[in-house]
1. Please give the number of the condition residue 101 fails out of (1) closer than 18 Å to residue 6 by Cβ; (2) at pLDDT below 95.
2. Kindly provide the set of residues from the range 19-56 that are farther than 18 Å from residue 90 by Cβ, open to solvent by 50 Å² or more (accessible area, probe 1.4 Å) and polar (S, T, N, Q), ordered by number.
3. Among residues belonging to the range 99-114 that are in a strand (DSSP E or B) and of a type in the set (A, V, I, L, M, F, W, C), point out the one that is nearest to residue 8 (Cα to Cα).
4. Could you check the range 1-12 and list, in sequence order, the residues that are open to solvent by less than 70 Å² (accessible area, probe 1.4 Å), more than 19 Å from residue 89 (Cα to Cα) and assigned to a strand (DSSP E or B)?
5. State all residues of the range 83-92 that are farther than 16 Å from residue 46 by Cβ and either open to solvent by less than 60 Å² (accessible area, probe 1.4 Å) or in contact with an Asp or Glu (Cβ under 9 Å, 6 or more places away or on another chain) (or both); if no residue qualifies, say none.
6. Does residue 36 meet the test of being more than 15 Å from residue 96 (Cα to Cα), hydroxyl-bearing (Ser, Thr, Tyr) and touching a strand residue (DSSP E or B) at 6+ places or on another chain (Cβ under 8 Å)?
7. Out of the residues in the range 21-56 that are in contact (Cβ under 8 Å) with a residue 12 or more places away in the chain and hydroxyl-bearing (Ser, Thr, Tyr), state the one that is farthest from residue 83 (Cα to Cα).
8. Mind telling me which of the residues 15, 54 ends up being outside any strand (DSSP E or B) and on the phi > 0 side of the Ramachandran plot?
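The values are calculated or read from the model by the stated rules, or taken from the named source; none is laboratory data. Note that the structure is predicted; figures quoted are calculated from it, not measured. Neighbour counts run over all protein chains shown; Cβ positions are idealised from the backbone, glycine included. The protein model used for the area step is the full one, side chains on, heavy atoms only, and it has no ligands, DNA or RNA in it. Shrake-Rupley method; radii C 1.70, N 1.55, O 1.52, S 1.80 Å.
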Amino acid sequence: VQLQASGGGLVQAGGFLRLSCAASGIISRINVWGWYRQEPGKQRELVATITSGGSTNYADSVKDRFTISRDSAKNAVYLQMNSLKPEDTAVYYCKVVMMLRDYWGQGTEVTVSS
């Protein structure tokens, strides 16, 4: 499985971005889609997840600002990020859980200027 993330960039505080992640290759049932982020020198942290059933989970720091969604037909997951803050600056990674294995995409960089 290959995951291709896109949509990162430079944005001013208060702005928005929409990240996309598309899965390709041999794909069976994906149980969980997720977005994570990592700042330099820090551990990767969960941003949001969505299950195959549509249940979502968000980090407290992004609740009410970020929305995760998925398109099962396209094997894609999205992260709508609104009201961005400088502390949202990080490399964002998508991950899927399939057949009890984790698959990670390459990161897409998000920079929020103050």
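1. Unmet condition: (1).
2. Selection gives 24, 28, 31, 55, 56.
3. Filtering the range 99-114 for residues in a strand (DSSP E or B) gives 101-104, 108-113.
Remaining after also requiring of a type in the set (A, V, I, L, M, F, W, C): 104, 110, 112.
Numbers: 104: 16, 110: 5, 112: 10 Å.
So the residue we want is 110.
4. Going residue by residue through the range 1-12, those that are open to solvent by less than 70 Å² (accessible area, probe 1.4 Å) are 1, 3, 5-9, 11.
Retained after the next criterion (residues that are more than 19 Å from residue 89 (Cα to Cα)): 1, 3.
Within the range 1-12, 3 is the sole residue that qualifies.
5. Here is the first cut: in the range 83-92, the residues farther than 16 Å from residue 46 by Cβ are 83-86, 89.
Once the filter is applied, which keeps residues that are farther than 16 Å from residue 46 by Cβ and either open to solvent by less than 60 Å² (accessible area, probe 1.4 Å) or in contact with an Asp or Glu (Cβ under 9 Å, 6 or more places away or on another chain) (or both), the range 83-92 yields 83, 84, 86, 89.
6. Numbers: more than 15 Å from residue 96 (Cα to Cα): no; hydroxyl-bearing (Ser, Thr, Tyr): yes; touching a strand residue (DSSP E or B) at 6+ places or on another chain (Cβ under 8 Å): yes.
In short, no.
7. So, considering only residues that are in contact (Cβ under 8 Å) with a residue 12 or more places away in the chain and hydroxyl-bearing (Ser, Thr, Tyr), the one farthest from residue 83 (Cα to Cα) is 28.
8. Details: 15 fails: on the phi > 0 side of the Ramachandran plot.
Being outside any strand (DSSP E or B) and on the phi > 0 side of the Ramachandran plot holds for just one of 15, 54, which is 54.
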